[in-house]
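The structure under discussion appears below in the form of structure tokens.
The values are calculated or read from the model by the stated rules, or taken from the named source; none is laboratory data. If you're wondering where the values come from, they're calculated on a predicted model, not measured in any experiment. No Cβ is skipped: glycine too gets one built from the backbone with ideal geometry, and neighbour counts run over all protein chains shown. The area values use the complete protein model at the heavy-atom level, side chains included, leaving out ligands, DNA and RNA. Shrake-Rupley method; radii C 1.70, N 1.55, O 1.52, S 1.80 Å.
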Amino acid sequence: MVLSANDKTNVKGIFAKIGGQADDYGTETLERMFATYPQTKTYFPHFDMSRGSGQIKAHGKKVAGALIEAVNHIDDIAGALSKLSDLHAQKLRVDPVNFKLLGQCFLVVVAIHNAAALTPEVHASLDKFLCAVGNVLTAKYR
Amino acid sequence: MVHWTAEEKQLISSIWSKVNVEECGAEALARLLIVYPWTQRFFSSFGNLSSPTAICGNPKVRAHGKKVLTSFGEAIKNLDNIKATYTKLSELHCEKLHVDPENFRLLGDILVIVLAAHFTKDFTPACQATWQKLVGVVAHALAYKYH
């Protein structure tokens, strides 16, 4: 799966619309992921999972930051996220299936706050981009 | 048998009562064909699927989307017996249509996104969790009679 020039334009475009709200999107994505897929909480046994949790907010910001980094280096996502890829392979070892769950929730958040901008074409591009990020993060698992 | 809490049933019916089945069904199927283009393999008789514009405007896609979502409504009417509701449809998708059940999961995920776009803030995390559970149950029921 390769990101076309159109995909890259679409992804940059939607992230430009998201702008400064990216951190909030990250937080909401995690909240929804924990609510919808409770098994994802097993990776955060030390987290306060209540609404408005400072830990979820901080982690949401991290996740958003990583996505933005990938967008800003969309021609070389593997390079941009290399350290994160190492981290996930050696330390975190989050099962690969969970990246799809996170991606689904991010798409839902974007749909809620930017319905008009999430045209079918942008939806397709964003889904591909999120897959690519997940692939990079699990690339060194074995 | 799947257990639904009173809250889940309420979240399902309150959303469903406001869904335009024709529009939502068409949108969901079109997005499935656009976002996961390999799913077009089942619709070679549908004519022009050559671009997102063509897919969205294709009358066969719209009609079939409406059919699919109408059937979804049957599950909602029979939440306590979804497997039985879909016995015949499951056999059909296996024996005649030869559809990989993974496609039911893909369509379910797309439907959740279409609902999110439509209901925005009303599509709360609890709502999303309930509907994600529902689409999962429907997908499972449709795959249940596969052999």
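For segment A:40-60, a residue qualifies if it is closer than 20 Å to A:K91 by Cα and without any contact (Cβ under 8 Å) to a residue 40 or more places away in the chain, and the qualifying residues are A:K41, A:T42, A:F44, A:P45, A:H46, A:F47, A:Q55, A:I56, A:A58, A:H59, A:G60. Across segment A:49-60, a minimum of one residue is classified as within 18 Å of A:L130 (Cα to Cα) and at pLDDT 95 or above.
Being under 19 Å from B:A139 (Cα atoms), in contact (Cβ under 8 Å) with a residue 24 or more places away in the chain and within 14 Å of chain A (Cβ to nearest Cβ) is true of B:V35.
Of the residues making up segment A:103-142, those that are among the aliphatic types (A, V, I, L, M) and either in contact with a Leu (Cβ under 8 Å, 6 or more places away or on another chain) or on the phi > 0 side of the Ramachandran plot (or both) are A:L107, A:V110, A:A111, A:L118, A:L126, A:L130, A:A132, A:V133, A:V136, A:L137. At least 2 residues being within 18 Å of B:K133 (Cβ to Cβ) and modelled with pLDDT of 95 or more is the threshold, and among the helices (runs of 4 or more DSSP H) wholly inside segment B:46-86 those reaching it are B:59-77, B:82-85.
Of the residues making up segment B:49-96, those that are out of contact with any helix residue (DSSP H, G or I) (no Cβ under 6 Å at 6 or more places or on another chain) and open to solvent by 80 Å² or more (accessible area, probe 1.4 Å) are B:S50, B:T53, B:P59, B:K67, B:K77, B:N81, B:K88, B:E95, B:K96. Within segment B:96-147, the residues that satisfy the criterion of being facing chain A (nearest Cβ under 7 Å), out of contact with any Phe, Trp or Tyr (no Cβ under 7 Å at 6 or more places or on another chain) and either under 21 Å from B:C56 (Cα atoms) or part of a loop (DSSP other than H, G, I, E, B) (or both) are B:D109, B:I113, B:A117, B:F123.
Residues in segment B:1-30 that are of a type in the set (A, V, I, L, M) and outside any loop (DSSP other than H, G, I, E, B): B:A6, B:L11, B:I12, B:I15, B:V21, B:A26, B:A28, B:L29, B:A30.
Out of the residues in segment A:106-122 that are facing chain B (nearest Cβ under 7 Å) and over 24 Å from B:A126 (Cβ atoms), state the one that is least open to solvent (accessible area, probe 1.4 Å).
In this case the residue turns out to be A:P120.
Among the residues of segment A:12-55, the ones that are open to solvent by less than 60 Å² (accessible area, probe 1.4 Å), more than 14 Å from chain B (Cβ to nearest Cβ), among the hydrophobic types (A, V, I, L, M, F, W, C) and part of a helix (DSSP H, G or I) come to 3 in all.
Scanning segment B:31-45 for residues that are within 19 Å of A:V122 (Cβ to Cβ), not polar (S, T, N, Q) and not in a loop (DSSP other than H, G, I, E, B) returns B:R31, B:L32, B:L33, B:I34, B:V35, B:P37.
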